[in-house]
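This report concerns only the one structure given below.
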Amino acid sequence: MTKKRTKIVLIDDHKLFREGVKRILDFESSFEVVAEGDDGNIASQLVRKHRPDVVLMDINMPKLNGVQATADLVRKYPNTNVIILSIHDDESYVTHALKTGAQGYLLKEMDSDALIEAIKVVREGGSYLHPRITHNLVQEYRRLARENAATVAENAVEYHKPLHLLTRRECEVLQLLADGKSNRGVAERLYISEKTVKNHVSNILQKMNVNDRTQAVVSAIRKGWVEMDS
């Protein structure tokens, strides 16, 4: 039985960037770009016509921007998953986009592996943040922890590796994810292939019973499974 292809709508006002993204997606046999648009105003029309699984949405566009368009889509078509594409890694942009209903947030400097992985994760109901965004969120957590040192001290979580659940190598991968490393970054640090990293990440998600790496990192921080050094 042939696996159903993931239908994608691509919304971005920069034609060259849009063509580059489409070229990457065309190499993935399980993906199908069913429509393209250059402004948030057309997004609702394209989603109504094509009923895509995932919408890739530029955050900065004339007329109707990506966040406003996402809010409109989520309200009208709650089963459509939106991934924001942005040049901004500021927490305020990310938070606003996620509160609006986006399931993912990618920086436009992403590599092809991150783009493909993000679509697959979001398609299955998970959420995906660009590795640098995850790193920034961890840094913000650290900042808040320092500002509230007295309160944190009362409820301090002692760091320990979850060797009861993960292998030593998986613990290393989890730590690097918390440090904001991409699959490629993890591979380079540990001198292993990206395919091996993907297998480790998949095992970590399964063992931790979470849907995506962001949830894994947040859960690991709360349980004291990753080091939070400044």
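Among the residues of segment 111-125, are any crowded, with 17+ Cβ neighbours inside 10 Å, at pLDDT 80 or above, in a loop (DSSP other than H, G, I, E, B) and out of contact with any helix residue (DSSP H, G or I) (no Cβ under 6 Å at 6 or more places or on another chain)? Within segment 111-125, none of the residues are crowded, with 17+ Cβ neighbours inside 10 Å, at pLDDT 80 or above, in a loop (DSSP other than H, G, I, E, B) and out of contact with any helix residue (DSSP H, G or I) (no Cβ under 6 Å at 6 or more places or on another chain). The conditions of being in contact (Cβ under 8 Å) with a residue 40 or more places away in the chain, assigned to a strand (DSSP E or B) and touching a helix residue (DSSP H, G or I) at 6+ places or on another chain (Cβ under 6 Å) are met by residue 57. Scan segment 158-178 for residues that are modelled with pLDDT under 90, assigned to a loop (DSSP other than H, G, I, E, B) and buried (at least 17 other Cβ atoms within 10 Å of the Cβ) and the total you get is 2. In the condition set (1) surrounded by fewer than 16 Cβ atoms within 10 Å (Cβ to Cβ); (2) in contact with a helix residue (DSSP H, G or I) (Cβ under 9 Å, 6 or more places away or on another chain); (3) among the hydroxyl-bearing types (Ser, Thr, Tyr), residue 128 is compliant with all but (1).
Of the residues making up segment 179-214, those that are in a helix (DSSP H, G or I) and either open to solvent by 70 Å² or more (accessible area, probe 1.4 Å) or in the same structural domain as residue 125 (by the TED database) (or both) are 184, 188, 189, 195, 198, 199, 206, 207. Residues of segment 87-110 that are among the small types (Gly, Ala, Ser), buried (at least 23 other Cβ atoms within 10 Å of the Cβ) and outside any helix (DSSP H, G or I): 102, 104. Each residue in segment 1-50 was checked for being closer than 17 Å to residue 81 by Cβ, open to solvent by 90 Å² or more (accessible area, probe 1.4 Å) and part of a loop (DSSP other than H, G, I, E, B), and 2 of them qualify. Given the condition part of a loop (DSSP other than H, G, I, E, B) and assigned by the TED database to the domain that holds residue 100, answer yes or no: does some residue in segment 66-76 qualify? No, segment 66-76 contains no residue that is part of a loop (DSSP other than H, G, I, E, B) and assigned by the TED database to the domain that holds residue 100.
The values are calculated or read from the model by the stated rules, or taken from the named source; none is laboratory data. Just so it is clear, the structure is predicted and the values come from calculations on it, not from any experiment. Glycine also receives a Cβ, built like all others from the backbone with ideal geometry; neighbour counts cover every protein chain displayed. Note: accessible area is taken over every heavy atom of the protein model, side chains too, but ligands, DNA and RNA are not part of it. Shrake-Rupley method; radii C 1.70, N 1.55, O 1.52, S 1.80 Å.
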